[in-house]
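This report concerns only the one structure given below.
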Amino acid sequence: MGGQVLFGIIIALFSGFTVATLASLAGINMPSYLLVAFFVSFAAFCFFLLVSAITAWIGKPAITLFMVVMLLGMGVLMTPQEMLPSFFVNFIRPWVPLRFASEGLREIFYFGSGFYTGGSFNTILGIGIAGLIIYLLSTFKPVRGQES
């Protein structure tokens, strides 16, 4: 488990710095390269913990669940709420965990927030802590009967 968490940290840092580098190459005016890179890395690691925890308990069907949630969620997150049908705003958007990272980046880019972005940061941190606890508790999950 420790190796998987370490791998998650490495992948999250790679993801965060890749996003910040691509944004810089695209000419997006960022408040701080490192601020954006570390915030995206932090969010990616917390979501990695969430996916790992649910996958450790449910198994492979959890991957399908997260694929569907992310597929539905990306279009909802990229469109302003005012342009979405009320069904998506009321029933789909609240269930997309990546919206907190999106809101945090919005606060960093448009409102000059630092790494701590308030409510969105607290929610991402809560997702990460809950994911880590559930992931660690999966070691106590009973193993299904193995026949030899």
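Using a basic spin-label model with each label point 7 Å from the Cα along Cα→Cβ, how many nm lie between Ile9 and Leu25? With each label placed 7 Å out from Cα toward Cβ, I get 2.7 nm.
The overall shape of the stretch 39-89, judged from the alpha-carbon gyration tensor, is oblate: a/c is not under 1.5, and a/b is no greater than b/c. Calculated from the structure at hand, volume of the Cα convex hull per residue in Å³ is found among [x] 187; [y] 196; [z] 138 as [z]. Phi-derived couplings, Karplus 6.51 cos²θ - 1.76 cosθ + 1.60 at θ = phi - 60°, listed residue by residue for the stretch 109-125: 6, 9, 10, x, 6, x, 5, 7, 9, x, x, 5, 5, 4, 5, 4, 4 Hz, with x used for Gly and Pro. Report note on the peptides 50-56, 111-117: ranked by the mean count of other C-beta atoms within 10 Å, highest first, their order is 50-56, 111-117.
Legend: ranking of residues Met70, Met1 from fewest to most surrounding C-beta atoms inside 10 Å; resulting order Met1, Met70.
Laboratory data are not the source of any read-out in this text; all were calculated from the coordinates shown. Source: prediction; values computed, not measured. Backbone-built Cβ (ideal geometry, glycine too); neighbour counts: all protein chains shown.
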